[in-house]
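**Q** To start, I am sharing the structure in question, which I have written as C-alpha cells.
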Amino acid sequence: MKHPPYHLRLNKAVDRLLLVDAIRRMDRLERLSDFTYYGLGGPYLDDFRLIYELFPEIKMVSIEEDEDTYKRQEFHLPCGTLRLERAQFKSFLARYEPNDEKSIFWLDYTGLGYGNFEDLMALLGKVSENSMVKITLRAEPRDFLDKQNETLGSGAESFRRQFGAVMPDSAATPPLGFRDFVCLLQDMVQVAAQKALPSAVPLMFQPVSSFYYSDVTGMFTLTGVVCRRDAAADIRKVFQDLHFRNLTWAKPTLINVPVLSTQERLHLQKFLPCPSSAGRTLHEALGYLIDKDKERTEARLKQYADFHRYYPYFMRAVP
Amino acid sequence: MGKNKQIQYEPVDASPVKSFFVTMLTRDIRLEEAILDLLDNCVDGILRSKKRNGGKKPYEGFKAEIEFKKDSFMISDNCGGIPWSLHSYAFRMGRASDRPADTPGTVGVYGIGMKRALFKMGRDCLISTQNEEHRYDVEIKPEWIDDEKTWEIPVTAARRSMNEDGTTIVIGNLYPGIAARFSVDAKEFESELRRTVSTHYAFIIDKGFEVIINNKAVAPRPVSLIFATGDRKAKRIRPFIFKSRTDDGVDVFLAVGFTRPMPTEEEIATEQEEVRYSSIDAGWTVLCNDRAVLYCDRSELTGWGEAGVPRYHTQFIGISGIVEFRCDDASKLPTTTTKRGIDAASPLYLQIRNKMREGMGIFIDYTNKWKGRVEEAKKHIEGERAIPFDEVKAKAGKLSFRSTTRTVPKGDQYKPELPLPKKLEPRKRRISFVKDVEDVECVAEYLFDGRDADPSSVGERCFDLILKEARR
C-alpha cells in the first residue's frame, strides 16, 4: 500500500502536537496512566511515537487492517508497550469493551465516507465517560464536483445520498469553498454526535478543538471529550486555557504554517510570542516576502506566530 | 350477603379522561411527525382559502414558518386561518359527527392532529388566528390541562392583528425532553425535521408551498423516475404505470421504475461491508392528497419480501415507486391516525399493493437479467433524465394504456417494454472473478497508464493479451 509521507507534513504535524496539548489537560480529569490511546497510525506510527515520548504511562493500541502496512508498523514499532492489532476498525469496534477504562481514540481517516460517521457514532456510544475522541476527515469539495460539467450537479446528489442522514440540511448543496466545506463537516460531526448521544442519555460529546489544514489534501479534524452532561462545565474549565480551544462548536481554526528554514525560525524566535500584529512584526523581522505578496506573507507569518510552539523540526539526518 | 339479595349495579363512568389526550395519545407520535400534523393543518387551510391558485402551483404564495428555541415553539402561517364557523370543531378532541363536510382534498379526519401536537410539546399554548372578519385567540393554560372537569377553552378577541389571514401557534412551558431537543439536540433535531419535511412535503413544496425552519427555507427532495424520451414504441427505460378510480371516488396513480442506473458489482459488495449511502431513493413512496405518508419504504408493507418479490437488497437500489391516493373525502384514504403510515388492512391498499408488486416485478426481473452486465445496461440509461412525479404524470398522458377490467383492481396500465440483454451465444462463456483492489489498480496502471481504469476492462484486456500469446 502506498502512503504519502505523513511524517513530513507540516500542518498535520502541528495538529498532532495540538492533540498532545489537549491530552496533557486530560491529566486534570483522570490519571493519564488510566488511559489507553487507540489510533490508526499508518505505517510510521508517528502519533504513537509522540505519545510514548511524552506520556509513557499511557497504554497504546494501534489498529490496522492492511497486511503490509501492519508489517511496516511492526518494523517501525516505537516501543515495546505498543500493541499492534491487525483488524478492520469496524470489527475492532464490535469487540471493543472499555468497561470503566478511559480511552483516547484518534479516528485518523484519510478519506470521507458515511462509514466514518457510523464509526464515530458507534464509538461515542461505547467509550466510558471522560474519554477523548478525535476524528480526522478528508475535506476536499472537489471530490464532489461533477467532472463532466464542473458543476455540483450529480456530485452534490451523490454527497446528499451518502451523508443526508448527518447533514444539517439534507437537501442542501455542499459548498465549493474549503472553509465552508469544513464548517459543513463540523456540523455533520455535531449532528452525528447528537444522534449517538441524544439529550435523553446522561453522556454528551463536548468539543475541545477543531482545525482544518491542507498539506496538498484538505483535512478537517475535531477533538472532543465524552462526559456526563452535568459535568460538561467542569470539562470546559479543564480546557479553558487551551490556546486553540473550541468549546462551543464555533468555526474551526485554520492551520496553514509556512515552510521556514531552521535559520529563519531561530531568527524569529526572539520576537515570539508576539501579542499584537504578529504577521507584520515577523515580516519586518525577516525583511522579505515568503509568499506572493505582503498580505499573504503576513498571514502566513501570523500562522507561524500562532503555532510556532507546535511547529516541528525536520532535519536532514545522515544514516 | 343474603342469598336472595339482588346486587344493585350502577352505570360505570366511561367519560374521557383529559390526561389520556395530554399524556398518552402524544406517545403515539414522534415530535417531527407532530410538527408535520401542524403543517397539514396549514395546507388544509390553503385548500379552504379562496386565494388558492389553480394550475401546477396551487400552493404558491402560501408559507409556514417554524421557529424553535429552548423555551418555545412557534409555527406561523398565512394559510387562511381557522374559520369561526369551525371553532366548535377545530378545538375538540376528536371529530364530531355533526361537523360540516370538509373542503375537498383536506387530510384532517380524526380531529386530533393539532391538539396532539400541542400537548406533545408543552403546557402553555396560544393559538391566534385570523379568518376574514374574525380575529381570535385561544389559550390553553396548565390549569386547564390539570382540571379534569373543564373542557371549555376561553376564546378572546385577538391581541394582535395579522397582515394576512392565517394562524400563529406559540407553545411555551415545554416539557423537559422537548426543550432538550430544541436546545441540546438542536442541530440533530433541525436536521431531522428538515429531512422529514423535505421528503414528506416534497410534493407540496414542489407545488409552491414554502416551509421555513429557523429562517431557512426547506428544499424539497421529490422522488424522480427515469422516463426515456423519443420513440415510444422502442424498448426504453420507462416506468410501469397504473391508474384507477375506485367506485367510492379515490383516484390512484402508481408509477414504478428506475431512479438511477443499476449498481455495479463492486458497489453491491462494498455496501455489504459498510453503509455507503445514508439515504437512498429506493423503495416506495405513498402519497395521500399530496402528503407523503410513507417515504422510500422497502419493507413487506410495500410488497417487498413476499408473494414472489424478493426482500430488498442493494442490487435493487435503483428501483423506486410512487403511489398517489387522492380523494375529496380524506376518510377514504388508507392512512393511519398519524397520517404518516399506511393502514395495512385497508382493502383499497391491499389491492393496490398487488399492482405495486406487479410493477416492481418488471424491474426486479430486468435487474436480474442484466446482472453481471451492468456496464452494458447503463448504456440504456445514459442521457436519460429522472423526472419528478408530476412530470411522470404529465408524460404518462402520451403513452398507450391498456384497460384491466377483468382484474382487481380495475384500471388502466402501461407496461413498459424494457431493453433485454442479448443472449450469450452458446459458443461464448462468461468469466467473472474478484481480485484485490490494489492488484487491480496495479494491473490497470501497467495496461492503461492509469489506476482508475474500469476493473472489467482490466480483466478483459488481460485475457485478450494472454489469448494472443497462447495462440502464437
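The values are calculated or read from the model by the stated rules, or taken from the named source; none is laboratory data. Please read all numbers here as calculations on a predicted model, not as lab measurements. Reconstructed Cβ throughout: ideal geometry from the backbone, glycine too, with neighbour counts over all protein chains shown.
The rows are residues; the columns are (1) farther than 16 Å from A:L17 by Cα; (2) within 14 Å of another protein chain (Cβ to nearest Cβ).
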residue: A:K195; (1), (2): yes, yes
residue: A:V201; (1), (2): yes, yes
residue: A:Y213; (1), (2): no, no
residue: A:G218; (1), (2): yes, no
residue: A:C227; (1), (2): yes, yes
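**Q** Looking at the stretch B:306-344 only, could you name the residues that are surrounded by fewer than 24 Cβ atoms within 10 Å (Cβ to Cβ), of a type in the set (S, T, N, Q) and under 23 Å from B:I280 (Cα atoms)?
**A** Correct list: B:T314, B:Q315.
**Q** Turning to a different aspect of this structure: Give, as residue ranges, the helices (runs of 4 or more DSSP H) completely inside the stretch A:4-106 that count at least 2 residues that are of a type in the set (K, R) and crowded, with 16+ Cβ neighbours inside 10 Å.
**A** Where helices (runs of 4 or more DSSP H) fall fully within the stretch A:4-106 and carry at least 2 residues being of a type in the set (K, R) and crowded, with 16+ Cβ neighbours inside 10 Å, they are A:10-26.
**Q** A further question on this structure: Could you say which residue among B:K70, B:K51, B:K57 is in the same structural domain as B:N173 (by TED's automatic domain parsing), at pLDDT 90 or above and basic (K, R)? Spell out how you get there, then give the answer.
**A** On the way: B:K51 fails: at pLDDT 90 or above; B:K57 fails: at pLDDT 90 or above.
It is B:K70.
**Q** Continuing with this model, one more query. What pairs come out if I take residues in the stretch B:205-220 that are away from every other protein chain (no Cβ under 12 Å) and on the phi > 0 side of the Ramachandran plot and pair them with residues that are in a loop (DSSP other than H, G, I, E, B) and among the aromatic types (F, W, Y) whose C-beta lies under 8 Å away, six or more apart or interchain?
**A** B:G208/B:Y59; B:G208/B:F62
**Q** Tell me which strands (runs of 3 or more DSSP E) are completely within the stretch B:385-472 and hold 1 or more residues being crowded, with 16+ Cβ neighbours inside 10 Å, aliphatic (A, V, I, L, M) and in contact with a Ser or Thr (Cβ under 7 Å, 6 or more places away or on another chain), or say none if there are none.
**A** So the answer is B:386-388.
**Q** Assigned to a helix (DSSP H, G or I), over 21 Å from A:F48 (Cα atoms), in contact with a helix residue (DSSP H, G or I) (Cβ under 6 Å, 6 or more places away or on another chain) and of a type outside the set (S, T, Y), is that true of A:Q194?
**A** For A:Q194, the condition - assigned to a helix (DSSP H, G or I), over 21 Å from A:F48 (Cα atoms), in contact with a helix residue (DSSP H, G or I) (Cβ under 6 Å, 6 or more places away or on another chain) and of a type outside the set (S, T, Y) - is met.
**Q** In the stretch B:8-23, what residues are surrounded by 10 or more Cβ atoms within 10 Å (Cβ to Cβ) and farther than 12 Å from B:D146 by Cα?
**A** B:P16
**Q** Just need a number here: residues in the stretch B:189-204 that are out of contact with any strand residue (DSSP E or B) (no Cβ under 8 Å at 6 or more places or on another chain) and either over 21 Å from B:A64 (Cα atoms) or small (G, A, S) (or both).
**A** Residues flagged as out of contact with any strand residue (DSSP E or B) (no Cβ under 8 Å at 6 or more places or on another chain) and either over 21 Å from B:A64 (Cα atoms) or small (G, A, S) (or both) within the stretch B:189-204 amount to 2.
**Q** Quick one: which helices (runs of 4 or more DSSP H) lie wholly within the stretch A:205-319 and hold at least 3 residues that are within 30 Å of A:L123 (Cβ to Cβ)?
**A** A:232-238
Conditions (1) surrounded by 14 or more Cβ atoms within 10 Å (Cβ to Cβ); (2) farther than 30 Å from B:F401 by Cβ; (3) away from chain A (no Cβ under 13 Å), marked per residue:
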{"position": "B:I171", "(1), (2), (3)": "yes, yes, yes"}
{"position": "B:A180", "(1), (2), (3)": "yes, yes, no"}
{"position": "B:P222", "(1), (2), (3)": "yes, no, no"}
{"position": "B:F227", "(1), (2), (3)": "yes, no, yes"}
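**Q** Here's another thing I want to ask about it. On the given criteria, is A:D180 on the phi < 0 side of the Ramachandran plot, within 12 Å of chain B (Cβ to nearest Cβ) and surrounded by fewer than 20 Cβ atoms within 10 Å (Cβ to Cβ)?
**A** no
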